[in-house]
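Only one structure is covered here, and it is reproduced in the block below.
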Amino acid sequence: MKKTYEVLQEAHGRRERFAPLWDIGVSVLVLLCAMLLGYLFYTVGFTEANIITVYILGVVILSVITTNRLCCLVASIMSVLIFNFFFTVPRFTFRFVDPGYYVTFLIMFFASFLTGTLASRLKKNAAQSAQAAFRTKILFETNQLLQKESETTDVMAATAGQLTKLLKKDIVMYSAEKGSLQDPVVYPAGEDHPKELLTENERATADWAFRNNKHAGATTDTLASAKCLYLAIRVNEHVYGVVGIYINERPLDSFENSVLLAILGECALAIENIKNAKEKEAAAILAKNEQLRANLLRAISHDLRTPLTSISGNASTLLSNYQRLDDESRTQIFTDIYDDSMWLINLVENLLAVTRIEEGRVNLHNTAELMDEVIAEALKHVDRKSKEHIIRVHSEPEFILAQIDAKLIVQVLINIVDNAIKYTPEGSVIEISTRESGSMVEVSISDNGPGIPDEQKPHIFDMFYSGANKVADSRRSLGLGLSLCKSIVTAHGGTIEVADHEPKGTTFTFTLPGGEVELHE
């Protein structure tokens, strides 16, 4: 449809330049052919009615192939005169003997004129239908192109491409930012574009169209000396940019102007949608950050009060009653102060680590490490209450290497093992095993405690999530350790998941990239 319409449009443009000569020449040729064919019918002996239909056919043909509707009227009159001159008695004169020819001539004229007028209207309707179909196709293509873009500059570039293809004219695009037009971008219809499109006068005209939200430049009454016609890319009163169309010698016709306005409307809506989407995304991020901040403040205000109160209370007891306390009581108080202090230190370390990893400010220092050594180092720093549990490490006969940042993986192991210690009863068994799985190393930490409910498993790695049953990553349910574990493992390119341990308990499994021994000769 598009290609056909463009061919017809070009042909129509050429015809418009030579319309008067074309119409006269075609009219003379068609009437001459009708006369010759009528003379042939007359020679053969056909009736006058047959000859009249030849002239009516000629008028219909002229109404279809000529551009001026006046040709139909002139052809109808000429057909009557030619028929009178050549085929009525006395022949070769404009006189006639039979008075009935008055009616014949009148009917012939009206029949020719009406059929020609109807044919002309059908041609016009067909042309309008073709224009409407072409306009719909162009707008549909434009809409599809603009929906694929996610940046304003890409939307304006796609719009300029459509306009260049449609109008066959150079296009100048000005995007708007912070209330002013940016530098122009020219999209030439050919291989090059005129330098006069980027003059100060052109920029001033575009600025006027931007500030006043109106058309300006060539073919308008405002700054008509400009080489381009400038139109605002707008939605209601909000202007997102300005487009300039290099008019040159051929102004836009009404159809081109209507399609142009429709495409600019699509462009403005696409830009507004992108703007709204970015605002919604920014608002969602802000809301998420505010929620995280509120959760953190709520957790800190609620959960830190207990250890701080315990530390200050125990310290006050030592200050007031140190001499009256026996050694066992003092040792217990010192141990409680130490445990609460270490909990606070671990909390701060986890919080800072999570923040750095989530913001991408942690650079991993990966080296090939023996997993047995990493696990042994982690077990040196687990909770003091680990003595109340049984911790077993299962290792493969061969050495297993992983390409990791050892310090961070030690923190992962500490957090998961501490989690198992705090939420399983005394005497529970905690098992740590490693094995190779393809190019990855798989680490599993299992316990035979009460386990984690299924409804909590999808959220167990969420920051600040503690669960209704206090199954979380710290004894006071601040919910940072497991979130940190997931961030660290993900940063290494691995995965972490939680599952039930048979016959009871919980298993945490995470993967790490495998390592290779480097030999230095």
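The values are calculated or read from the model by the stated rules, or taken from the named source; none is laboratory data. Since this is a predicted model, take the numbers as computed values, not measurements. So basically every Cβ, Gly included, is an ideal-geometry build from the backbone, and we count neighbours across all protein chains shown. What goes into the accessible areas is simple: the full protein's heavy atoms, side chains included, and nothing from ligands, DNA or RNA. Shrake-Rupley method; radii C 1.70, N 1.55, O 1.52, S 1.80 Å.
Can you confirm whether ALA119 is touching a residue at least 12 places away in the same chain (Cβ under 8 Å) and under 30 Å from LYS227 (Cα atoms)?
no
Could you tell me which of the residues LEU62, LEU37 is at pLDDT 75 or above, over 30 Å from LEU139 (Cβ atoms) and not in a loop (DSSP other than H, G, I, E, B)?
LEU37
Select from the range 93-109 the residues that are in contact (Cβ under 8 Å) with a residue 12 or more places away in the chain and of a type in the set (A, V, I, L, M, F, W, C) and write down the one among them that is most open to solvent (accessible area, probe 1.4 Å).
Out of the qualifying residues, it is PHE94.
Scanning the range 67-92 for residues that are within 60 Å of the chain's Cα centre (by Cα), assigned to a helix (DSSP H, G or I) and touching a residue at least 40 places away in the same chain (Cβ under 8 Å), which turns out nearest to LEU21 (Cα to Cα)?
Per the criteria, the residue is CYS71.
Quick one: what pairs do we get from the range 215-234, first residue hydrophobic (A, V, I, L, M, F, W, C) and open to solvent by 40 Å² or more (accessible area, probe 1.4 Å), second at pLDDT 90 or above and outside any strand (DSSP E or B), C-beta under 6 Å, 6+ apart or different chains?
Cβ pairs passing all conditions: LEU223/THR205.
In this structure, does THR142 turn out to be open to solvent by less than 50 Å² (accessible area, probe 1.4 Å), of a type in the set (S, T, N, Q) and farther than 15 Å from ALA262 by Cα?
Working: open to solvent by less than 50 Å² (accessible area, probe 1.4 Å): yes; of a type in the set (S, T, N, Q): yes; farther than 15 Å from ALA262 by Cα: no.
Here the answer is no, as THR142 does not meet what is asked.
Return the residues of the range 422-435 that are assigned to a strand (DSSP E or B) and either modelled with pLDDT under 90 or touching a helix residue (DSSP H, G or I) at 6+ places or on another chain (Cβ under 9 Å) (or both); say none if nothing qualifies.
We begin by selecting, within the range 422-435, every residue assigned to a strand (DSSP E or B); these are 429-435.
Answer for the range 422-435, where residues must be assigned to a strand (DSSP E or B) and either modelled with pLDDT under 90 or touching a helix residue (DSSP H, G or I) at 6+ places or on another chain (Cβ under 9 Å) (or both): ILE430, ILE432, THR434.
Quick one: which strands (runs of 3 or more DSSP E) lie wholly within the range 362-417 and hold at least 3 residues that are open to solvent by 30 Å² or more (accessible area, probe 1.4 Å), of a type outside the set (Phe, Trp, Tyr) and on the phi < 0 side of the Ramachandran plot?
Working: elements: 367-370, 390-394, 401-404.
It comes to 367-370, 390-394.
Spot the failing condition for GLN131; the list is (1) closer than 30 Å to GLY38 by Cβ; (2) polar (S, T, N, Q); (3) at pLDDT below 75, and only one is missed.
The one condition GLN131 does not meet is (1).
Tell me which residues, restricted to the range 137-159, are in a helix (DSSP H, G or I) and of a type outside the set (A, V, I, L, M, F, W, C). Full working, then the answer.
First, the residues of the range 137-159 that are in a helix (DSSP H, G or I): 137-148, 152-159.
Residues satisfying the conditions are LYS137, GLU141, THR142, ASN143, GLN144, GLN147, LYS148, THR152, THR153, ASP154, THR159.
Sort out which residues of the range 156-191 are aliphatic (A, V, I, L, M) and touching a Gly at 6+ places or on another chain (Cβ under 8 Å), and write them in order of number.
Listed by number, the residues that qualify are MET156, ILE171, VAL172, MET173, ALA176, LEU181.
Does ILE263 meet the test of being open to solvent by less than 40 Å² (accessible area, probe 1.4 Å), at pLDDT 90 or above and of a type in the set (Val, Ile, Thr)?
It is false that ILE263 is open to solvent by less than 40 Å² (accessible area, probe 1.4 Å), at pLDDT 90 or above and of a type in the set (Val, Ile, Thr).
Look at the range 160-208 and say how many of its residues are closer than 22 Å to ARG135 by Cα, part of a strand (DSSP E or B) and open to solvent by 30 Å² or more (accessible area, probe 1.4 Å).
1
Can you pull out the residues in the range 481-493 that are of a type in the set (Gly, Ala, Ser), in contact with a strand residue (DSSP E or B) (Cβ under 6 Å, 6 or more places away or on another chain) and either closer than 23 Å to VAL382 by Cα or buried (at least 24 other Cβ atoms within 10 Å of the Cβ) (or both)?
none
Which residues, taken from the range 30-54, are touching a residue at least 40 places away in the same chain (Cβ under 8 Å), over 15 Å from PHE109 (Cα atoms) and open to solvent by 60 Å² or more (accessible area, probe 1.4 Å)?
TYR39, TYR42
Among the residues of the range 313-336, are any modelled with pLDDT under 75 and open to solvent by less than 50 Å² (accessible area, probe 1.4 Å)? So that I can check it myself, show each step before the final result.
Of all residues in the range 313-336, those modelled with pLDDT under 75 come to none.
Among the residues of the range 313-336, not one is modelled with pLDDT under 75 and open to solvent by less than 50 Å² (accessible area, probe 1.4 Å), which makes the answer no.
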